[in-house]
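Below: one structure, written as structure tokens.
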Amino acid sequence: MSGTLTDIYRQIASSGAVRPDPDQLAAVAVMEELHGYFRHGRGGRSRIAGIMRKRRPPPGIYLWGQVGRGKSMLMDLFLDHVATRARRRVHFLEFMQTIHSSLHEIRKSEVSDAVIPAADQVAEEVELLCLDEMQIDDIADAMIVGRLFERLFSQGVVVVTTSNRPPEELYKFGLNRHLFVPFVELIGRRMHVHELAGGEDYRQGKLSGQQVWFTPGDGRSARQIDRIWDDLVGVAGRELTLTIKRRQIALPCYANGVARADFADLCARPYGPADFLAISGAVRLLMIENIPLMGRANHNEAKRFVMLIDALYESGTRVVVSAAARPHQLYVEGSGAFEFERTSSRLVEMESAGWGRKVAAG
């Protein structure tokens, strides 16, 4: 496809791949300046030594709005049609984990301020950085993002990010938030903040009335989950790695806020509440496949499954499941059967249409 980004969006909408949405179209219009900046060859590195750019780029974009409005889809639309190869698209949490790893290595050389070289490493590789799902809940992230992004902007890196919150609500009740406020002000100065308005959650709409619990966990169930993945996401997933206290959690298949994992990936590993909270914070819909019957033989896995569902429930994360049985039949015997009744009840509630939106709004 060719033409302006607006033309491309309209072509995709007319093909039926997306539903025409005036609020999405307004967001696309905001992206046009950046699209044109790269399209007309104004991006790219100069031949001068270092990482100077040809000229100062236009502001980046901070696109925020309710869950499921199409923010990630629009960012990917922009990324797929932008004329630069020096680009990177990554989940915000994964990006920050990479930064912390870089800081750890740089500090070994006793550098006084490791944030500067860490930012420069990014700027040497990309001129366009797309960050999905910006959220800042960790004080370690909060204390460095201001200096990190100030340096990225000064080196000419264009940042496009999505978030469920406006900038002023990031790290809203965090410790020492006054130290974080300059980053909020930096976003206002160096990025075009645009709300993707409208109240329709397209993921909820696509799931509304659909079966989301499949039994048994066989090939037929896997094919049905494949269909839901294609309908919701439409692209191949990639691994998302989260780092919690220097331990890594891998979600084997992730795209646009949706993750897919086997029961064993999540519950046969020594994960705890903090790990499951990180997962629930990183995804908006989790597909859990091949949940077995539980009891004495897999008591530890069952305990982790309970913790996982508690985290997903409290965060309002939707689930799509393939399992050996319906929720009330999953825990067949053992000392945890009574406690599992609450989990069973929550799983039934989480099947209902609109459940995730109701909890998120509560």
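Worth a mention:
- Taking each DSSP H run with n ≥ 4 as -39500 (n - 2.57) and averaging over every residue of the chain yields -13500 deg cm²/dmol at 222 nm.
- Global form of region 70-183, assessed from the alpha-carbon gyration tensor, a/c cut-off 1.5: oblate
- Sorted on the mean count of surrounding Cβ atoms within 10 Å across their residues, most packed first, peptides 325-338, 131-144 read 131-144, 325-338.
- Aspartates and glutamates whose Cα lies under 16 Å from that of K71, excluding same-chain neighbours fewer than 8 positions away: D21, D23, E32, D80, D132, E133, E195, E200, D201
- Local net charge near E150, Cβ-Cβ under 11 Å (Lys/Arg +1, Asp/Glu -1): +3
- Kyte-Doolittle at least -0.5, axis length at least 18 Å by Cα - qualifying DSSP helices, the chain: 22-39, 92-107, 299-315, 337-350
- Estimated FRET transfer efficiency (N300, A250; beta-carbon r; R0 25 Å; 0.05): 0.85
- The slack in the chain from S101 to A13, taken as 0.36 nm per residue of separation less the alpha-carbon distance, amounts to 27.6 nm.
- Distant-in-sequence amide H partners of F214 (H built 1.01 Å from N, under 5 Å): V321, S322, A323
- An oblate overall shape is assigned to region 105-172, the ratio a/c of its alpha-carbon gyration tensor axes (a ≥ b ≥ c) being 1.5 or greater and a/b not exceeding b/c.
- Distance between the modelled labels on E195 and R56, one decimal in nanometres: 2.9 nm (7 Å Cα→Cβ projection).
- If R0 is taken as 41 Å, the Cβ-Cβ distance between A83 and A264 corresponds to a FRET efficiency of 0.45.
- Full-stretch length increase - Q329, E341 - with 0.36 nm per residue and alpha-carbon distance subtracted: 3.3 nm
- According to the Cα-based calculation, Rg over Rh for region 234-362 is 0.95, with Rh computed by the Kirkwood formula.
- Peptide packing: for 29-37, 278-286, 223-231, the average count of neighbouring Cβ atoms within 10 Å per residue gives the ranking 278-286, 29-37, 223-231, highest mean first.
- Shape of region 223-262, Cα gyration tensor, a/c cut at 1.5: prolate
- Given the alternatives (1) 16.7; (2) 20.9; (3) 19.6, mean projected area of the Cα convex hull in nm² as computed for this entry is given by (3).
Every number in this text was worked out from the coordinates using simple rules, so none of it is lab data. What you see is a predicted model, and the numbers here were worked out from it, not measured in a lab. Glycine also receives a Cβ, built like all others from the backbone with ideal geometry; neighbour counts cover every protein chain displayed.
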